[in-house]
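The values are calculated or read from the model by the stated rules, or taken from the named source; none is laboratory data. Keep in mind that what you see is a predicted model, and the values were worked out from it rather than measured. Neighbour counts are summed over all protein chains in view; Cβ atoms, including those assigned to glycine, are modelled from backbone coordinates with ideal geometry. The area values use the complete protein model at the heavy-atom level, side chains included, leaving out ligands, DNA and RNA. Shrake-Rupley method; radii C 1.70, N 1.55, O 1.52, S 1.80 Å.
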Amino acid sequence: MNFTISNRMSGVEGSAIREILKLASDPNIISFGGGNPAADAFPIREIAEIANRALAEQPVSMLQYSLSEGYPPLREALGAFLRKNDGIGRESDRILIVSGSQQAADLATKALVNEGDAVLVEEPSFVGCLNCFRTYGAKLAGVPMDEDGVNLAALEEAMAREKNVRFFYTIPNFQNPTGITMSYEKRKRVYELAQKYGVVILEDNPYGELRFAGEPVPAIKTLDTDGRVIYCGSFSKVMAPAFRVAFLCADEGLMGPLVVGKQCADVHTNVLFQHICAEYLTKYDYAAHIAEIRELYAKKCRLMLAALEREFHPSVRFTRPQGGLFISCTLPDGADAAEFVAEGIRRGVACVPGFAFMTDQKKPSSFFRMNFSTPTDEQIEKGVRILGRLTHERFGS
């Protein structure tokens, strides 16, 4: 049968990252392409302990339908945690548990964006959310990045130029794909611009707890005095991505349509995994677990950065993240990262070319993303050495 695909989906291409991850199943490929947590980061023993106890003591409530808003003990625990640790949570803010932070972006878009409305995004940005915005017929307007976050002049120009700007999507901490952290001064100015032009801010913070260098920077949400910031967080990088447990914190005035959108999507997020997150957050040493993950990723990041400095041609620039999972490498002017990555894959090392993270994926890009959390230390050393030889072949004098 020949199917007629909807306008909403016909123009959306699959994620280049997912295609590269398919290659990673080949044992001969070293993958720097994904964004998976390290296998050593999962608190497996504690997860099993909590799950076994829950299924033994309260099986019906763990296996029955639940509230669309989320498991009440988890929402309560998260509210207390955010207020105490991050200064997040106005009196009128509410928490909604979602199935992965990408669903938070999907629900926000569903609630706020009509076809043809503008969504401003950092450029480059997370491909999963870019595709989400595309499926709702949003007009994507990319705003370039500086070394300390989004370019403010370009952001204001876009806010003034574009019609019906519904929100600005940003990943202020250890941005995907660049690894850049937005300065506090820029966060304040971003919020001021959003107020000036009447724009909502969608603040995505899936990596915020993975800081292993530098000083913490308050979230944009901490500046929110009028309810225009939708703040998203996730347990994927600190507990287990298979849980698909994340959350958003938004003004109660927006919560109604968000909850209805959630009901239309999947009714509610997995109850057992919500329970595990709530128990771990309140009855286990969550801070010690986070500290272990930070130490693990700090070591892996240092190892990759040292290898890049040693093996790459000096004409190739790369970011030095203070946390998160990613390093971005930029080739000399005029070089096509897609072609470079393709040759790297032929030699047994997979990265993600920069075009995947752009609003216009047909334009060539000179950068590519590398992940340091998933590969082993040996794979980091060997993979960077292979790519390093390639940089000297292409860009050596």
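Could you tell me which of rounded, prolate or oblate describes the stretch 102-203, using a ≥ b ≥ c as the square roots of the eigenvalues of the alpha-carbon gyration tensor, with rounded for a/c under 1.5 and, failing that, prolate when a/b is larger than b/c and oblate otherwise? The partial results should precede the final answer.
Details: a/c = 1.77, a/b = 1.24, b/c = 1.42.
It comes out oblate by the Cα gyration axes.
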What figure, in Å² to the nearest 10, do you get for the accessible area of T374 with a 1.4 Å probe and non-protein molecules left out?
60 Å²
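Quick check: net charge around K363, other residues with Cβ under 12 Å of its Cβ, Lys/Arg +1 and Asp/Glu -1? Write out the running numbers ahead of the final one.
Values: positive: K362; negative: E123, D336, D360.
Charge balance in the 12 Å sphere: -2.
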Which of I230, I276, I180 moves the most in a Gaussian network model of the chain with Cα springs under 10 Å?
I276
Pairwise centroid distance, computed over Cα atoms, of the stretch 158-236 with the stretch 336-369, Å
26 Å
Under the 7 Å Cα-to-Cβ spin-label approximation, R317 and E292 lie apart by a distance in nanometres of 3.9 nm
Determine which aspartates and glutamates satisfy two conditions relative to K362: a Cα distance under 20 Å, and not lying fewer than 8 residues away in the same chain.
E13, E19, E122, E123, D333, D336, E339, E343
7 Å from Cα along Cα→Cβ at both R347 and R161: what's the point-to-point distance in nm?
3.8 nm
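Among the DSSP beta bridges whose two residues both lie in the chain, what percent are antiparallel, rounded to the nearest 5? Before the final figure, lay out the partial values.
Numbers: 22 of 42 bridges.
Here the share of antiparallel DSSP bridges comes out near 50 percent.
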Put +1 on the Cβ of every Lys and Arg and -1 on every Asp and Glu Cβ in the chain; which of A77, V260, V127 then has its Cα farthest towards the positive end of the dipole?
V127
With a 1.4 Å probe and all protein chains in place, put K139, K221, K110 in order of accessible area, largest first.
K139, K110, K221
To the nearest 0.05, how large is the calculated FRET efficiency for E49 and E215 if R₀ is 41 Å and r is the Cβ-Cβ distance?
0.75
Taking the chain as a Gaussian network, where each spring joins two C-alpha atoms under 10 Å apart, which residue of D224, D117, D146 fluctuates the most?
D146
Report the one residue of G227, A298, Y284 whose Cα lies farthest in the direction of the positive end of the charge dipole of the chain (charges on C-beta: Lys and Arg +1, Asp and Glu -1; origin at the Cα centre).
A298
Can you tell me the dipole magnitude for the chain around its Cα centre, using point charges on the Cβ only (Lys, Arg +1; Asp, Glu -1), in Debye to the nearest 20?
360 debye
7 Å from Cα along Cα→Cβ at both L67 and N7: what's the point-to-point distance in nm?
3.9 nm
Accessible surface, 1.4 Å probe, highest first, among residues H392, H313
H392, H313
Given 0.36 nm per residue, what is the gain on full extension from D360 to D336 after removing their alpha carbon distance, in nm?
7.1 nm
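What is the gain in length, in nm to one decimal, between V60 and F395 on full extension, counting 0.36 nm per residue of separation less the C-alpha to C-alpha distance?
Once the chain is fully extended between V60 and F395, it gains 114.4 nm.
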Mind putting a number on the dipole of the stretch 225-331 about its Cα centre? Charges go on the C-beta only, +1 for Lys and Arg and -1 for Asp and Glu, and I need it in Debye to the nearest 20.
460 debye
Listed by chain and number, the lysines with an alpha carbon less than 24 angstrom from that of K300, same-chain partners under 8 positions apart left out, are K22, K237, K382
So, R0 is 56 Å and r is the distance between the beta-carbons of E91 and E147; what FRET efficiency does that work out to, to 0.05?
0.95
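Hey, which of these cross-link pairs are over 21 Å Cα-Cα: K186/K221; K110/K196; K110/K163; K139/K186; K221/K299?
Details: K186/K221 13 Å; K110/K196 24 Å; K110/K163 18 Å; K139/K186 24 Å; K221/K299 30 Å.
Pairs exceeding 21 Å: K110/K196; K139/K186; K221/K299.
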